[in-house]
Structures are given as structure tokens and as C-alpha cells.
1. Please find, among A:475, A:494, A:525, the residue that is closer than 25 Å to residue A:150 by Cα, modelled with pLDDT of 85 or more and within 12 Å of chain B (Cβ to nearest Cβ).
2. Here are B:246, B:256: which of them is modelled with pLDDT under 90 and assigned to a helix (DSSP H, G or I)?
3. So which of C:271, C:257, C:186, C:178 ends up being more than 27 Å from residue C:79 (Cβ to Cβ) and crowded, with 18+ Cβ neighbours inside 10 Å?
4. Going through segment B:98-123 one residue at a time, which ones are touching a strand residue (DSSP E or B) at 6+ places or on another chain (Cβ under 7 Å), part of a loop (DSSP other than H, G, I, E, B) and under 21 Å from residue B:343 (Cβ atoms)?
5. Please verify whether residue C:142 is crowded, with 22+ Cβ neighbours inside 10 Å and in the same structural domain as residue C:33 (by TED's automatic domain parsing), treating the condition exactly as stated.
6. Among the residues of segment B:242-259, are any in contact with a strand residue (DSSP E or B) (Cβ under 7 Å, 6 or more places away or on another chain) and within 30 Å of residue B:118 (Cα to Cα)?
7. Search segment A:126-139 for residues being farther than 17 Å from residue A:104 by Cβ and within 14 Å of chain B (Cβ to nearest Cβ), and hand back the single one that is modelled with the highest pLDDT.
């Protein structure tokens, strides 16, 4: 029975990932200009692109982890009012379509953006002082902006179950706060840190919209290059080769990661969050936390708030306009319908991704038998592949291989799940691995059959991590990442689809409506996240 | 336990409330009495009035399903990739810059539509009518009137003006590798300067600080001075109808277009859009009827307001605000054969000169 | 009630348990005593069903347990690190086994409170297990193991983490509780005092085998070999040779053959218990190396003129470096 369950995620991947991927690769290399592939290896340009891709991804990841780590700590250890809301807000960037974010960044940081204008006014300057559009800087900023929440939730979630007594013990033994953190907490956090870092890296590595729009035409990652080779050049062999390179890099990186994880995962004294969290006590604590949170909110919220504010520029007229099909267009999307469709797909994705992710995480849990470790590590890396695969390539693969299925709603949900379920796996795995086997044995000795052991011991402990994964699944689906846009059902338009439709034409009314829809997207997503977080599966909240 | 049950019930309730109202997914060849479905694959900019489409549907006992598939290039690529088992009955949106690719890949079936004789000859690029022209529009540079007025600078009149020092750092174009108007503008420069000299122009553009984006939305909304979102470029590659669209979509605030077009000889490129019946379509007869329908007056007159391009049929009446819509008197000309032979090479050369 | 027949187990390629056979009778408390790494915990886990032996049988109440999974064996276990469920409170921890048995809620409640009272934790039902003291957590773990009334209860070094005073107190209490309810128990420890205080019989595990099985008194009075003797803290062991004329020759001199316990064989040791050594004016000369006060007496380590070290007990403190004379009353002979 167990092996049947474990096989499900694999079957899922084979059908909806390997098969389409194989189809598009095969087609690409069978084209008559297949010899063009050679240029990928001879033209130094591609090497530069690869180096840039890896470089910006590494830098982005490091910065994101460093900047978000204090947030993870604050949310893990402290109890304060509005914590859930704040945390939900940090996840909003994740769901926003890149064109909207890019415009918001432009509006803030562009040569005639608010910040530059303000500075020019303040310091009586001729030229805008901040020239970061189309540079590495803005790419890094945007990446941190998007991925902050990944680190916050995964590391924070794990941290909130760690026994604070371990740090206290270190302090009593004479370690300063910093040393206690460095020597005790950090190694214990390592599994979650690595998981978050891996996810963020893969995201940055395959970053597309941000590089495309904010990076300008001169900066290119592999993904952007794949897109450029495909769309108007239709140079499939080169695109496929670049996809393969991208895939191999992701795979190799994940293998390294699994090797590290195997060594770092250890059974922990897990404590329920209610005991770990405490209210802010001393004034100094309060001030520092408040300052950091203020900075965080400022950074993450300003672009989003500017979108919301701009959407109300004309009173509520843009919102009103959303409900009017002024030109009697057949392509008109009633906003309620878009919201409903988005929520429907997102709910279905959450359920499917959570189930598959849970099963996959358990199939990866290392038992004592180290004979299993190599296949397990390979499987772990395989589960991450959908995230590290070129969306353009995969999207075409869907068309090619699953074209007949295009009509089915199921394909949309499955495509969303493909991208969402690695998040669930990464969120759950560190917790699952840290459940002391002794707890399960104790339950067994008290008469619990294997299924009941799972239900009574694992499930409550894993639930919180499962919810972290579920939140990601929800936002991935709402934001329609990666290849998912390519399998969208036109008669079931979602909010991102509606935004893109409205931006296809010039005019203030159109742009205003895009802003209004983005605001609605943010609102719906925030509510959805809060709802998911409130779910309780099993008896106790752990 | 109890909580789990409640939760599951709520979830089931939510899902069924959320489940999209069954837009009846009919089988392609349904019962004789029920309507048949015809699927039209298009690029993302397709639009038509509901009433117009409904007319077609009732006249032919059909249901029209529009399958939007990305920008022009992406949509065509998908149609090509799926040609063994087509995703639709007809494909609309291939333009003259890509027609050769579509014809070479053989995705279309020849069909001479009912109104073929009335189509002006300049638009009929395929004598076999594997693809039928439906509309055209000019890709031109738009410029910000207010900006040039304030700076007391004459707006550019021809492409040559763009490389003058006075216009340094004022232009944004799109990458021809990723953007349809971007490619069109590149072809304009090739048509105007010639195959030998166009790269010199682009070298000069690079020296004159031209900004390149990958897509039209980014250039138009985020980089232009009139998009209002922090951009600082007053000259943007867009469509000749964009100034008119600005008026239309200004919610009554504008009575005059805020932007103008650079309409000098050879400064614009005429894009003609085609529709073709896909080989292997499930309902080819309905597809053909739809092609006929797109050439009918009803549809042709619907085009301006929906897609902001011009109908090919001369007798189609244009809406009022099209008084602001302009076309180039002498758009740049590049032969279809040339485009077919050199498209990729030109894009690569341009990339080398401008980006790398 | 529990019969182990020829249990054999390897660990990392080397033998860990070899032909272990043991019978535990109903109502009896047997302690399994041995140094760390001797396989005691593994043996428990084999009986529990958490590990499988390479050879041998576990027979519980006449039933072969080979194919019975752990949760159906009806054997309770208290783990070394307690393994309290952190996400459940005291009541829920103790009630767990009862829930698995499918008892009615009212009965569960009654039984939990009864068991908590038995272990001295009445009123702790709503407490959070993560916030209890060491001793309290022990009792919760005990209550949890007791509540389902297993036929056999196994303890894996449950008191290891506690201080000595608490440990001694708990051992006494634990034995009293177990005897009161007539529980059969197998108690594993490396601490000799604990084992002897707990058990009716003690099995000493060493080098893959049970080297001695008997009541604490029996073992103390007649250790089977030098390992057992040393394990019991009887360290005055000297190689000895039995002579035909009924004397025993050792490095410390000649002694008469003791009346009982003639192990024979080539390797024989003389055991001299500290309480059998008197300080007198004549006898074996020795120098005091160390003298500490322990458990009400002075224990001194001395170096004899022959170069042998001995541990002796005295009422009064001895000066370091002083020379004293020892008179050895009796010796015992044991195997190596």
C-alpha cells in the first residue's frame, strides 16, 4: 500500500513533466537546423549568459537569505499583534505578475519615478541621482522583493519549533548571543536554511519576467535567452540545448543540496509554537523589532501600496470600469468571474499539491538504511526539476504532448501543481526528518498501528509545515507561474490573464484597470493566505 | 475528528461554489441538433464584439471559441508545434513578417474566401489564399507632444532624425527577437536604409543611447514619458493608432491625442494580419465560414474599435474617433521573399550590433 | 511469561548478542545489567519487535512473536529519553495507549487519573509535558507505559538523566508501584546499584552473553567471574593458583582454600572483599595512596609491598602516604 502511494508523485511527474519535456526536446533536436546547436558551445556569448545567470542567482540568494533571516527569527520567536497579517503581506509580492511589479518599480525607481523626483526636488539636482534601472542592482532588489517570503516562511516555520532552551544552554555556558547563534542555532537551522536557499536559488536561476523587463535587453539569463531564441527566431535546437543546460545545472545543484541535507538532518527536540513564542518584553527588543519590521514593510509594501494608490487615482472609476464591457468585447473578463476562476484553480492546486507533496516528502525520508540513500537523493533532485525547467520549453512541451488534453480543466490544475508541489516537499521535509524516530516507536509500543502512528504523531507535527507548503501552492497558482500561463483555459480566465488582456492596448483606462485588477489580486490572495493558515488538520496546533 | 469533518465539508462546499459554471464543453462533432464548436487560435491582441460573434454563431449554428495563445510569434510557434494534431480549426494573427514561416511549415489549407475579389491587391500576399488578409496597421514611432513642446524641440519627422544629437537618449524600441512591433520596426529601418546601411543606422542609435525593451507593454507603459510610470523616453515604437486609442481610453479626459506619429517616408512598417484554415482541423467547413465572416462588412467594421487596426476592405466604415487614427503614406517596403530569406539573420545581426 | 531462546544479533558486522536465553516469570522484575554497548537496549528492542534477531525466538505467554508487529505484542516500554509526545499534554500522553485500545472515553478518563495518582502526579493532567521537571517527566512516561496495563513492561535506562538522590528515590518508588500492581518487568541499566535495588533477579550481559543470572544477593555473594566482580565494584582481584595441598598461592601470599567455590581450571583469581580486610599491626605492609569518605565509611586505596593495589574499608581516616599493615581474613576464588 505504501509503495503504491509513493509511486503517485512519480507517475505524476512522468506524465506531466517528463513526457512533455521529452516531446519538445525530441522535436527540437529533430529539426533541420539542429546543427545550430554547436553555436551554443562555440559562441562565448552563451558562456557569459551562463555565468551571469549563476552569478546573479547566487548573489540574489545570499542577499535574500541574509536580509530575511531576522524576519524569520522575529516571526518564529515573538508573539505580537498583526503577525499573521504582516506575514501574509510579505507573501503578496510573490503572486504579482512581473509586468505589474516592473511598472511599479519603474514608477518608484525609474529616472522619472517618485523617489528620483523627490530627491531631485530635495537636493535641487538636475539629473536623477538613482540610475538603477536595467542594472544588476534592480534585479537583485526585485529578486529579494519576490523571494523574501520564501525564506521567511520556510526558515521561520522550522525555527518556530526549535527548542529555545538549546540557545539558553549555550548562553549559560558563556556564549554571547552571536556565538550561541553561530554555533548552536545556525547548524540546527541548517536543513531549513538550505531548503529555502535552494528554492530561492532555483527561482532566481530561472528568473524570467524580472530579467526581461527590469534587466533591460542587455542582461540575459538562460531563461530569457531561451525565450528570445524561440519566439521570433524559432531556433528550437538552441533553445532546447539551453534548456538542457539549465536543467542539468538545477539537477546538479539539487544533488549537492541533498548530500548536504543528509548530513545535516538530525532528530530534534521539537516544541510546539505556543511554548516557543513569547511576547516582546524589554523596551530594547521592542524598538529593534519595530525598526526591522518597519524597514521590511517599507521595502516590500511600497511598490504594492503604490499600485493600490494609483488604482484609486481616479476615485473608484477604474474599478467601476472593470465591470463594464464598454466595447462589447468577446474577450471581456468580468472580474468576479476572474476571481472565482483563480480561487477555484488555486484551491484545487493546494489540495493536490499538498497531498502529492506530503507523499513525496515521506518517500524521501531517510531511514537508517543508508543503502537507500543514493536513489532517495536522486528522487529528491528529480522532484525539484519542474521548478528548474524553462517555462517556455515546458509550455511548448505541454502543447506538443498534451495538446489533446488542452480542453480539460484538469490540465490547468495539474500544471499549477507541477510547479507548486516542490514547494510543499521542501517545506515539509526538514520537519519530517527531524521527528525523533523514538516518538514513533513509543506510539507503536502503546499499541498504535503504522497508520495510527502517522495520524497521531506525524500529522500534527507536520501540519504546520504542510500549511507553509499549502500557502506557497496557493500563491503559485494565483500568480500563475512558469509554464502555467501556457495551458490556461481561455474560457476560464484568471486574474493574471485578465491583467495581461487589459494591458494589450494603450490608454489610461486600460492601465488603470490593470492596476485595479492587481489590487484585487493582492486582496484575494491575502485573504486566501490567511484562510489557509487558519486551517487545522488533526487535533492540536503544533 | 469533528473539526476534520467540518473542514472537509466546508472545503467541498467552497469547491462546488467555486467550480466554474459549466460552459458546456461540447464534443467537436456533437449531435445534429446541438451547435458545433469552431476553435479560432489567435494572438493575445485579438478582440471582437460579442454581438458580432453571436451573429456568426446563430447564422451557422456554431459556438465560437477563441484560443488566445500568446504574442504573435509564440502563438504561431505553438500552432506549428501542434500541427500534427492541431489545437484549433483556424489560426488568426500571423502577419506579413511571419507569413513565410507559416507557409513553409505548411500549417494552412488553401481556401479562397467569398469576398476575395474585393480585397485590395496590396494585401494579398499569398495568391493561393492559404492565408487571407483581414486587417492592417502601421508600426510607427509615437512621440510625446507635450514633451517636445516644453523642450522647444521639433518632434522627429524621419528615421534620420533619431540619430541626431538633439534626440540623444529619447527613443525606446523593442527587441525584434521577442516583439512583433520590434521586428516590424527593424524591417522598416531595413526598408528605408537598405540591407547594407541599416546596421550603420543601428550603430548610431546605440551610440545615441537607444533603450531596448523586450515587450511592447513595458516600453509603452513603463518607459514612455506619457505612460506616467517613471519613464523618461518621449519616443516609443508603437502603432499608428495608439494616439487615437489614447483618446478613446482616456475616459473623456482627452479630446486630442497626447502623442503623435512619425510618419515620414519609410519610417513606418505596414503589418498585415492574416487568417488561415488549419490543416487537419476538426471542423474545416466552419473554419472556412469564419474566414468568410471575417471579411464580411459586419466584422470588418467591428475591427477598429476592438483591435485598433484598419480593415482591409475599402468599403468598411470607420468609427468617429478614427479621425485621430493615422496611416503612413509611404510605409517602408521589404519584400516577403526577402523577409523569408533573411529574417533570422537580420535579427541576429541587429542583436550583435545593438545588444552585445 | 517471557522466554528468550537463543537470541543472536549482529551489529555492524560484529556479533552483539549470542545465544541469549532467558526466562522471566509472571510478576517478577528482572534487571538486565551490563556496560554501555553490551547490547541491552538491542535486546529490549528485539523483544519489543522494533528489531529482528538473526536467530532465536521470542515467546511471550506461549506465543511466538516472530511475525507479530510491535503494536500488537501487548508489551509496554519506557524509553531512555522518555519520548513524551511534545504536542500532547500529560493527559493525552497517558491516555494514548488507552485510545489505541479503543476504550470508552469515561473509562479512559478514570484510568488516566488512576494511573497518575499511582505515580504521584494527581492533578497534573492538564499540564504541558514540555514544561515539567525531569522527575515529573519520568513519572508521566511511567504512567503512560502503565496505563494500558501491559502484561510485560520494559524499561530502557529510564533514570539515566536524573541526579543520584532522585534516582534512588524513584527506584524505590518504582519497585513499590510495580510490585503493588503485580507487573512483570524487564529493567535495563548499566548502573549496578539501580539494578540490584530494582530487581528480583539480575542478568549480567557481557561480551555477547549472559554471564550470570541470579538474585542480587546470589550475585553479590558469588560473582561468576572477574568481569562480574569488577562490575560490582569488587576490584581486589589477583591471579591465584590452587596448590595440591589445599592452599592458594597469590601475589599477596598464601591463603587457605575457601570452603566453598572451587572453580578449578587454569585461570583462577582470588577475590578479596574490602570488608574482609582488617588493619592490624602485622601482616602485609601497604602504603596509603588515597582515602575518601563514601557512603558512611572511608575507602582507601593502598599499594602493598608486593606491588599490588587494593581497596579497603576503615572506620577512621588514613593519612596519605602512611604505612599500614593488612590482615586478610578470607579470600574467594572465581573464574577469570
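The values are calculated or read from the model by the stated rules, or taken from the named source; none is laboratory data. Source: prediction; values computed, not measured. As a convention, Cβ positions derive from the backbone with ideal geometry for all residues, glycine included, and neighbour counts pool all protein chains shown.
1. A:494
2. B:246
3. Criteria check complete, one pass: C:271.
4. Selection gives B:107 alone.
5. When the stated conditions are applied, residue C:142 passes them.
6. Among the residues of segment B:242-259, at least one is in contact with a strand residue (DSSP E or B) (Cβ under 7 Å, 6 or more places away or on another chain) and within 30 Å of residue B:118 (Cα to Cα), which makes the answer yes.
7. A:135
Residue-by-condition table, conditions (1) within 27 Å of residue A:104 (Cβ to Cβ); (2) in the same structural domain as residue A:411 (by TED's automatic domain parsing); (3) outside any helix (DSSP H, G or I):
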| residue | (1), (2), (3) |
| --- | --- |
| A:320 | yes, yes, no |
| A:324 | yes, yes, yes |
| A:331 | yes, yes, yes |
| A:336 | yes, yes, no |
| A:341 | yes, yes, no |
| A:347 | no, yes, no |
| A:353 | no, yes, no |
